[in-house]
Amino acid sequence: MKQSTIHPKTFLLVLLFFPSFLIRAQTADGVIKKYIGFIGGEKQWKRITTVVTSGEYNYGGVVFPFKTYNKAPNLYKFVVTFKGKYYAQAFDGRSGWKIDVFNGDSTPTLLTGKAALAMSNEAIAELEDVFINYKKKGHTVSLEGEDTVHGQLCWVIKLVLKTGETETYYFNQKTYEIMMKKTVSGNSEMGGAAVDIYYNDYRNVNKIKIPFKTVVRTKDQTLLSVTMNIAELNTAVADTEFQFHPPATRTGLKRKVYRHPK
């Protein structure tokens with residue numbers, strides 16, 4: 001019986017087009033489903049009411065201890081302390097505020113509009129992961145192809161938020177963890193600069209996975225490294241923790257208000 005053989009040119013064409021076939025076979029929703037499974041699943045995340053973390057921020061070689069408070073659905077606060085001074089910023093679900101004692105602030109500044117959610121540590125106020133029920137939240141996604149992050153092959157997904165802002169995520173093709181996010185800095189001092197945020201050291205915390213290491217970079221320069229030491233779930237956190245409390249002032253004095261530049 002005559003054996004059939006594959007022509008070398010045919011075999012080469014198969015090798016060339018096989019990766020593109022895999023990309024077509026994969027879908028954005030397929031990647032997201034596996035990612036949500038990786039971080040613990042939707043049911044586990046629905047059980048979480050608060051996340052309180054602590055660790056260290058490294059700004060250009062200077063290390064500051066920090067603590068963050070996150071409460072469902074979108075209350076957030078973080079505090080950085082150093083040598084008796086501190087920086088704090090928060091969002092209470094409607095408006096935000098910040099106070100920078102390092103730079104001489106003695107009263108908090110009320111934040112409105114986009115500035116209220118523009119955290120200088122690049123955090124997101126919403127407790128639930130952005131990809132859980134993303135359609136109901138008004139977001140859209142698209143699979144943009146493949147790329148590598150730290151030598152690991154990743155699926156690239158573009159997320160267009162309900163607000164119209166765009167973020168690009170890189171999902172490890174083996175574990176489906178998010179390795180990197182490309183976005184615009186939320187820090188008002190950055191003037192809307194593009195940043196790359198790297199996530200690693202994912203750990204299990206009460207059946208969900210959280211990245212304990214985050215690095216923010218722009219133009220190959222590291223802006224901030226975040227090392228989390230402790231993460232606590234469902235601890236009691238009062239709503240007043242996030243609220244703006246203007247100090248008592250003399251009649252006629254106005255509180256400071258900051259609006260994010262358009």
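Looking only at segment 26-63, which residues are modelled with pLDDT under 95 and touching a Phe, Trp or Tyr at 6+ places or on another chain (Cβ under 7 Å)?
Residues of segment 26-63 modelled with pLDDT under 95: 26, 59-62.
Once the filter is applied, which keeps residues that are modelled with pLDDT under 95 and touching a Phe, Trp or Tyr at 6+ places or on another chain (Cβ under 7 Å), segment 26-63 yields only GLN26.
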Note to self: Looking only at segment 168-185, how many residues end up being more than 15 Å from THR218 (Cα to Cα), crowded, with 18+ Cβ neighbours inside 10 Å and not aliphatic (A, V, I, L, M)?
What the structure shows: 6
Margin query: So, in segment 152-187, exactly how many residues are touching a Phe, Trp or Tyr at 6+ places or on another chain (Cβ under 9 Å), among the charged types (D, E, K, R) and under 26 Å from ALA116 (Cβ atoms)?
Written below: 3
Notebook entry, point to check: Has segment 218-225 got at least one residue that is under 15 Å from VAL149 (Cβ atoms) and without any contact (Cβ under 8 Å) to a residue 12 or more places away in the chain?
Noted result: yes
Notebook entry, point to check: Of the numbered conditions (1) assigned to a strand (DSSP E or B); (2) more than 24 Å from THR227 (Cα to Cα), CYS154 satisfies every one except a single condition; which is it?
Noted result: (2)
Next item on the list: Would you point out the residue of segment 48-85, among those that are among the basic types (Lys, Arg) and more than 13 Å from SER120 (Cα to Cα), that is surrounded by the fewest Cβ atoms within 10 Å (Cβ to Cβ)?
Entry: LYS83
Check: So, of the residues in segment 64-119 that are part of a loop (DSSP other than H, G, I, E, B) and of a type in the set (S, T, N, Q), which turns out to be farthest from GLU189 (Cα to Cα)?
Finding: ASN74
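Conditions tested, residue by residue: (1) basic (Lys, Arg); (2) touching a Pro at 6+ places or on another chain (Cβ under 8 Å); (3) outside any strand (DSSP E or B).
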position: LYS162; (1), (2), (3): yes, no, yes
position: TYR169; (1), (2), (3): no, no, no
position: TYR176; (1), (2), (3): no, no, yes
position: THR183; (1), (2), (3): no, no, no
position: GLU189; (1), (2), (3): no, no, yes
position: VAL195; (1), (2), (3): no, no, no
position: ASN200; (1), (2), (3): no, yes, no
position: THR214; (1), (2), (3): no, no, no
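Collect the residues in segment 186-199 that are surrounded by fewer than 15 Cβ atoms within 10 Å (Cβ to Cβ) and under 19 Å from ASN229 (Cβ atoms), keeping them in residue-number order. So that I can check it myself, show each step before the final result.
Start the filter on segment 186-199 by keeping residues that are surrounded by fewer than 15 Cβ atoms within 10 Å (Cβ to Cβ), which leaves 189, 191-194.
Within segment 186-199, none qualify.
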Checklist line | Subset of segment 86-134 that is surrounded by fewer than 17 Cβ atoms within 10 Å (Cβ to Cβ) and in contact with a His (Cβ under 6 Å, 6 or more places away or on another chain) - its residue that is farthest from GLU167 (Cα to Cα) | finding: GLY113
Notebook entry, point to check: Which one of these does THR148 not meet: (1) β-branched (Val, Ile, Thr); (2) closer than 19 Å to TYR76 by Cβ; (3) at pLDDT 95 or above?
Noted result: (2)
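The values are calculated or read from the model by the stated rules, or taken from the named source; none is laboratory data. All figures in this text were calculated on a predicted structure; none of them were measured in a lab. No Cβ is skipped: glycine too gets one built from the backbone with ideal geometry, and neighbour counts run over all protein chains shown.
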